[in-house]
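To start, the structure under review is shown below, and the notes come after it.
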């Protein structure tokens with residue numbers, strides 16, 4: 001019997017009162033303990049206020065459960081956030097989907113976590129983005145790291161600044177601390193990935209996998225042309241381009257000989 005024949009074109013809850021009185025139904029007033037429970041949303045400002053009230057409530061629940069929030073006014077929980085004991089969350093972090101943080105996990109400022117599980121004792125440094133991933137215990141992620149979907153990191157893994165991991169497994173104690181891309185890769189235990197290393201996984205039509213076995217050391221600025229396998233205990237020299245299997249326990253290099261050109265002059269701009 002309610003109609004939207006009004007200036008706003010909306011159904012007014014208050015019209016129910018007049019209908020009830022007209023039908024002889026008793027009308028009883030109920031006092032809301034929180035005004036936000038009955039707050040209307042008629043513009044973007046009121047929508048933002050309602051959202052902030054919801055976030056404030058979520059923050060209070062987290063803190064009552066033992067989570068340390070650097071500033072409860074600067075956290076956004078847009079899904080479900082489950083935390084263990086002694087979890088600490090810095091300012092301006094966003095949690096989407098289902099996020100689980102183990103005991104003593106620390107999340108740095110300005111991080112975005114979407115459908116992520118993080119094991120006990122791990123640290124996510126500021127400005128990191130993790131999505132649809134599983135992180136082991138005592139890991140160190142960031143700052144400025146990106147962990148993309150279908151990635152699984154073992155315990156004590158280090159993923160450093162400007163490192164991207166996509167659809168890869170990283171074994172226990174392996175490290176990629178600087179400026180690297182690991183996509184469609186299986187990385188074993190105790191592997192060190194040097195700065196500037198990339199897995200070249202896309203041939204223009206299909207994705208291919210890279211396999212890096214345990215105890216491998218990869219020098220800086222290495223390109224691994226997938227599909228390719230680096231066997232256990234191998235070492236790859238800096239600047240290598242690897243397109244064939246690297247044998248176990250050996251040093252493999254792929255680089256041009258350094259040449260100095262006598263008498264070469266650097267070009268200079270013409271002066272007017």
- prompt: Counting pairs of alpha carbon atoms under 8 Å apart in space and at least six apart in sequence, what relative contact order in percent does the range 129-215 give?
  reply: 20
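Using helices alone, I'd like the mean residue ellipticity at 222 nm for the chain: each DSSP H run of four-plus residues gives -39500 (n - 2.57), total over residue count, nearest 500. Display every interim value, and only then the final one.
Values: 2 runs with 29 residues, N = 272.
Roughly -3500 deg cm²/dmol at 222 nm, from the helical runs in the chain.
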statement: Residue span residue 54 to residue 256: 0.36 nm per residue of separation minus Cα-Cα distance leaves a gain in nm of 66.6 nm
message: What three numbers, in Å, describe the spread of the alpha carbons of the range 139-272 along their principal axes, ordered from the longest?
response: 60, 36, 32
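Counting each pair of different Cα atoms once, what's the Kirkwood radius of the range 89-174 in Å, rounded to one decimal?
Every distinct Cα pair counted, the radius reaches 12.0 Å.
Between residue 232 and residue 208, take the C-beta separation as r, use R0 = 30 Å, and let me know the FRET efficiency to the nearest 0.05. Write down the numbers at each step before the final one.
Values: r = 21 Å, r/R0 = 0.69.
Working from the Cβ atoms, E equals 0.90.
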message: Report, to one decimal in Å, the Kirkwood hydrodynamic radius for the chain based on all distinct Cα pairs.
response: 22.6
field: Relative contact order [Cα under 8 Å, 6+ residues apart], the range 1-126, whole percent
entry: 13
- request: Would you kindly give the portion of the calculated P(r) for the range 192-256 that falls above 16 Å, as a percent of all Cα pairs?
  value: 39
- prompt: Among 224, 101, 19, which one moves the most in a GNM of the chain with springs linking Cα atoms closer than 10 Å?
  reply: 19
message: Over the chain, with a Gaussian network built from C-alpha contacts below 10 Å, which listed residue (30, 152, 99) shows the highest mean-square fluctuation?
response: 30
query: With contacts defined as alpha carbon pairs under 8 Å and 6 or more residues apart, what's the relative contact order of the chain in percent?
result: 6
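FYI, it's all coordinate maths here, none of it is from the lab. The shown structure was predicted, so the numbers you read here are calculated from the model rather than taken from an experiment. Positions of Cβ are generated from backbone atoms using ideal geometry, with glycine treated the same way; all protein chains shown enter the neighbour counts.
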